[in-house]
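Visitor: Input: one structure, supplied below.
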Amino acid sequence: MNASRTINPPASDGNGFSVRICTGSRLHFGLLDTVRPFGGIGVMLNTPATEVVVSTADRFCCSDNYQDRIGPIAERIRQLNGAATLPSCCVEVLRTAPTHCGLGSGTQLALAVTESLCLYQALTVDQSTIANALASRGQRSVVGTHGYWQGGMIYEAGDGEAGDGEAGDGEADEKAVGEHLNAVQEGVYLPEEWRVAVLRPLDHVFAVSGEQERDKFSRLQPASEKVGHELRRLVIEEIMPAAKRGHFNAFANGTRIYNELSGRLFASVQGGSYNGEAVTRVIEWLSDQGVLGHGQSSWGPGVFAWFESQKAAEAGLALLPDNVELVTLASARNEPRTVQLQGTR
């Protein structure tokens, strides 16, 4: 996988120092299990993007809209650094993915804010500390966490030491901060010409996050040995090889089957393989249209649909139902987040 890319433009004319980080979104194809260490597979998308800028200011400040997210991160960094006060800087969120849509927006924002604040203060902090102790993400899959630093499609086998990652798109569980991230079993870049649409039913009436999400997980049964084995087989023998070879139909079909089977693990708390009637209706519409690679990302209500090209995507989405919104039509983000440092401290 690519090394992270850092850009150092010429120093500004006395306007202070700034750090700008841009990352993509995360689709999640489903977990391998409902208990630690979970595991799973997903892919980073180039859009919707999340962009954060930290720049010099007279005192610490951030947008009121993100105070409840950014403030606790800044405080944890202050404690780690042993500083008496928060840094004199302004944290701006220029853009972010829609929340509660299965795009991992909370994880991407938390990581971008955390890393940019650390870089602004010239703190050397490893990735696990950034993700766990500072960004304080949840206790489940770390596909979006590794995707932030690597890009591409991430297979997190969950066979090693359990670690913390993103908890859907909801708020993090700050009481459960670990020291390690599940390792990436394998990563692969997807063909640039492939496209994925993220659709959202407009009549979906509830989102799963926070305490509600934790409650749902507490009521789930672990995957059986048979189901767990089949999920891993689909990833290892079908999805990853098809992606490497650029075999679209095999990739799309394998992804659809994996997503539906993983969704069955949650049937008792979401009413089936998919989260509610509205999401199921979109899945059925895609199936009727002959779209092979469809599924629910995370808890939804975002539904993904893979197409072999831009032309195929436009044709496949031409008759999109009125009660379904196209959130994005994207390609895989086959690169890590980008970091831009400007000016002098």
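Visitor: Between (1) 20.8, 64; (2) 31.1, 106; (3) 19.8, 63, which entry matches Rg and Dmax of the Cα atoms in Å as derived from the coordinates of this structure?
Guide: (3)
Visitor: Shifting gears a bit: Got a sec? How would Arg26, Arg195, Arg281 order by Cβ neighbour count within 10 Å, fewest to most? Could the numbers behind the result be given before it?
Guide: Working: Arg26 29, Arg195 22, Arg281 18.
Lowest to highest Cβ neighbour count: Arg281, Arg195, Arg26.
Visitor: Taking +1 at the Cβ of each Lys and Arg and -1 at the Cβ of each Asp and Glu, which of Ser273, Ala312, Ser287 sits farthest along the dipole of region 257-315 towards its positive end, judged by Cα position relative to the Cα centre?
Guide: Ser273
Visitor: Any chance you could run the full-extension gain for Ser63 through Asp322? It's 0.36 nm times the residue separation minus the Cα-Cα distance, nm to one decimal.
Guide: Length gained, Ser63 through Asp322: 89.8 nm.
Visitor: Using the Kirkwood radius built from alpha carbon pairs, what does the Stokes-Einstein equation give as D for region 224-343 at 20 °C and 1.002 mPa s, in µm² per second?
Guide: 135 µm²/s
Visitor: Another one. Would you give the gap between the C-alpha center of region 272-292 and the C-alpha center of region 86-101, rounded to a whole Å?
Guide: Taking the Cα centre of region 86-101 as reference, the centre of region 272-292 is 33 Å away.
Visitor: In what sequence, highest mean first, do 257-264, 215-222, 128-135, 111-118 appear when ranked by Cβ atoms within 10 angstrom?
Guide: 111-118, 128-135, 257-264, 215-222
Visitor: Let me know the charge dipole size of the chain about its Cα centre in debye, to the nearest 20, where only the beta-carbon of Lys, Arg (+1) and Asp, Glu (-1) is charged.
Guide: 380 debye
Visitor: What order, most packed first, do the peptides 42-55, 324-337 have when packing is the mean number of other Cβ atoms within 10 Å of each residue?
Guide: Packing order, densest peptide first, comes out as 42-55, 324-337.
Visitor: Here's a follow-up. Which whole-number percent is the relative contact order of the chain (Cα, under 8 Å, 6+ apart)?
Guide: 28 percent
Visitor: Related question: What does the extension gain come out to for Gln79 and Thr338, with contour length at 0.36 nm per residue minus their alpha carbon separation?
Guide: Taking Gln79 through Thr338 to full extension adds about 90.6 nm, to one decimal.
Where a number appears in this text, it was derived from the coordinates with a stated rule and is not lab data. Because the structure is predicted, anything quoted here is derived from the model rather than measured. Cβ: placed from backbone, ideal geometry, glycine included. Neighbour counts: every protein chain shown.
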